[in-house]
Amino acid sequence: MHFKVNQKMEAIIMEQEQECSPQTTELIEGIAAKTKLIRNCIIYDQEGDLEEDQIDFDSILAIVGDWTGYEAGCNELCLPLQSIPPEQYLAFAEGLGRRLSESYGGRECVVYLFVQEDALELRFHTVHNYEQAWLDEDLDGYDCPILCWVQD
């Protein structure tokens, strides 16, 4: 496991990371419980009504380019800023990545956490061989604070 942050995120977490609180653990479990495996991708299904045979993958892949883009696009969650304390950002990302991996046969996961003005944006995907990372390697090129947790 390793993680990267840009300078803006580093200024927020400043080595304050600690274990997940019971509330943060509950959030991880709630998100993981609403995922399912579709075409070898872990997909967040809030309503529980996604059916693989009803998805036009050719059209979607023509827009997003690859399975990593599909997965990251499907797995965009906006959370209230107060839902995760800043000192738990890394513990949350690691906890979610490990929970998803355990739930889906040890697949390698990547978890992104973006701090927006009034919300936390969460995205995640599995590692797809021969596909590029969803974000550029240089996280400092982005305007908002970003944490990227990668399972090795």
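The values are calculated or read from the model by the stated rules, or taken from the named source; none is laboratory data. Values in this document were obtained by computation on a predicted structure and should not be read as measured data. All Cβ positions, even for glycine, are placed from backbone atoms using ideal geometry, and neighbour counts span all protein chains on display. Heavy atoms of the whole protein, side chains included, go into the accessibility calculation; ligands, DNA and RNA do not. Shrake-Rupley method; radii C 1.70, N 1.55, O 1.52, S 1.80 Å.
Counted without the sites themselves, the longest stretch of the chain free of trypsin sites (Lys or Arg not before Pro) in a DSSP loop having at most 14 other beta carbon atoms within 10 Å is 40-152. A 1.4 Å probe run over the protein chains yields, for the chain, 55 Å² of accessible area per residue, whole-number rounding.
Kirkwood radius, the stretch 45-134, all distinct C-alpha pairs, inverse of mean reciprocal distance: 14.5 Å. Seen from every direction in turn and averaged, the convex hull around the alpha carbons of the chain projects onto 9.1 nm². Computed about its Cα centre, the charge dipole of the chain is approximately 300 debye, with only Lys, Arg, Asp and Glu carrying charge at their Cβ. Mean sequence separation of contacting Cα pairs (under 8 Å, at least six apart), scaled by the length of the chain, corresponds to a relative contact order of 36 percent. The portion of the accessible surface of the chain made up by carbon and sulfur, rounded to a whole percent, is 46 (1.4 Å probe; DNA, RNA and ligands excluded). Approximating the spin labels as points 7 Å out from Cα along Cα→Cβ, the Gln7-to-Leu61 distance works out to 4.0 nm.
Taking a ≥ b ≥ c as the square roots of the eigenvalues of the Cα gyration tensor, the stretch 1-44 is oblate, since a/c reaches 1.5 or more and a/b is not larger than b/c. Calculated [222 nm] ellipticity per residue, helices only, for the chain: -9500 deg cm²/dmol; basis is -39500 (n - 2.57) per DSSP H run with n ≥ 4, divided by all residues, nearest 500.
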